[in-house]
1. Hey, if we sort Trp45, Trp87 by accessible area with the 1.4 Å probe, largest down, what's the order?
2. Probe radius 1.4 Å, ligands and nucleic acids ignored: give me the carbon and sulfur share of the accessible area of the stretch 110-223 as a rounded percent.
3. Remind me, what semi-axes does the stretch 183-291 give for its equivalent ellipsoid, largest first in whole Å, using sqrt of 5 times each Cα gyration tensor eigenvalue?
4. For an R0 of 35 angstrom, estimate the FRET efficiency from the Cβ-Cβ distance between Glu44 and Ile223 and round to the nearest 0.05.
5. Applying the Karplus parametrisation 6.51 cos²θ - 1.76 cosθ + 1.60 with θ = phi - 60° to the phi angles of the stretch 107-112, what ³J(HN,Hα) value in whole Hz is obtained for each residue in order, glycine and proline being reported as x?
6. For the stretch 181-255, which chymotrypsin sites (Phe, Trp or Tyr not before Pro) pass both filters: DSSP loop (anything but H, G, I, E, B) and at most 16 other C-beta atoms within 10 Å?
7. If the stretch 105-212 were replaced by its equivalent ellipsoid, with semi-axes equal to the square roots of 5 times the Cα gyration tensor eigenvalues, what would those be, largest first, whole Å?
8. Please report, in debye to the nearest 20, how large the charge dipole of the chain is about its Cα centre when each Lys and Arg carries +1 at its beta carbon and each Asp and Glu carries -1 there.
Amino acid sequence: MASGDNVRIGFVGAGTLGRGLALALDGVGCEVVAVSSRSRASAEWLAERIDGSAAMETAQDVADACDLVFITTPDGAIADVALSVNWRAGQGVVHCCGAASIELLDAASGAGAAVGAMHPFQTFAGLGDSTEAARRLSGVTFAVSATGWLADYLPSLAERLDGRAITIPDELRPLYHASAVLACGYVGTLLDAAIGLWARMGFTEEDGVRAVAPLSRATIEAIAAAGPVNAVTGPAVRGDADTIAAHLSLLSEHAPHLLALYRELTAASVPLARAKGVGEGELARLRRTARGPG
Ligand SMILES: NC(=O)c1ccc[n+]([C@@H]2O[C@H](COP(=O)([O-])OP(=O)(O)OC[C@H]3O[C@@H](n4cnc5c(N)ncnc54)[C@H](OP(=O)(O)O)[C@@H]3O)[C@@H](O)[C@H]2O)c1
């Protein structure tokens, strides 16, 4: 059993999260000593940025060199990687998938390894060095479930990253993950839609990004400070059905692919509008406008 600061950590899968998490752990003084990936180039990219870390050929090489192995492949490959390795009893094996729990690592626990799921509620896109990665993880919530020594160690790792560990019951993990997707991937989809409208007005994508990014950043910061009811603005939460109708009219002409989404978002804004004090009559009109004719 490993403990405290002497844990030698390895990564199998040097992609978006593997790179960011390994760099962040290095940034807070953890010993990341071994990396393998499907391609040698990815493993070398990461190993070259962490002092004392080596790129290895196989997942087995990483397991042999480490006390704790993070399997940071795509979700669909985690169980296969776990099955492909001869684990030592007492060794730690962890995945970072948000939707699944530790059952993905049954092959490792069957061999006597301690297993864990440690999902950071954060996006890792574009992290290039340890300081930047550690900063990105500061304040982040980690959903952790684990067996053996990892039950104490993984929450302590989250704290070391200046984050906090929480427990989500296994059956609710997909709900927890849906929240992450709404807050990250689908925010990306919404911003892409907002930026795309700038092309319909004759501007470049860069113009759209320059216009949209400060607005969205300020919205998120305001929500972080005061909560959605106090911070969200816009015609839907003001109960302004006429403005929404004007948007729908021009969207149907210039961006009909966004109409259904815009209607759904308007309807989904009704509870926020009510919480902000919009009256039932205006809410009914808002709902009718969102539904459209027919
Ligand atoms: N991306 C995020 O922000 C984020 C956030 C939270 C959780 N996660 C979780 O993190 C995990 C990794 O996601 P990701 O976004 O980092 O995926 P990704 O960018 O696609 O990276 C996966 C990496 O695994 C490598 N790989 C694929 N199959 C492999 C195999 N059989 N053996 C060894 N290496 C293999 C790939 O190899 P090569 O590059 O070598 O070809 C790639 O570098 C997933 O469980 C995901 O749910 C991701």
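The values are calculated or read from the model by the stated rules, or taken from the named source; none is laboratory data. All figures in this text were calculated on a predicted structure; none of them were measured in a lab. Glycine gets a Cβ as well: all are built from the backbone with ideal geometry, and neighbour counts include every protein chain shown. Quick note on the areas: whole protein, heavy atoms, side chains included, nothing else; ligands and nucleic acids left out. Shrake-Rupley method; radii C 1.70, N 1.55, O 1.52, S 1.80 Å.
1. Details: Trp45 60, Trp87 25 Å².
Correct descending sequence by accessible area is Trp45, Trp87.
2. 59
3. 23, 19, 11
4. The calculated FRET efficiency here is 0.30.
5. With coefficients 6.51, -1.76 and 1.60, one gets 4, 6, 5, x, 8, x Hz.
6. Phe203
7. 37, 17, 11
8. Numbers: 22 positive and 32 negative charges, 232 e Å.
I would put it at about 1120 debye.
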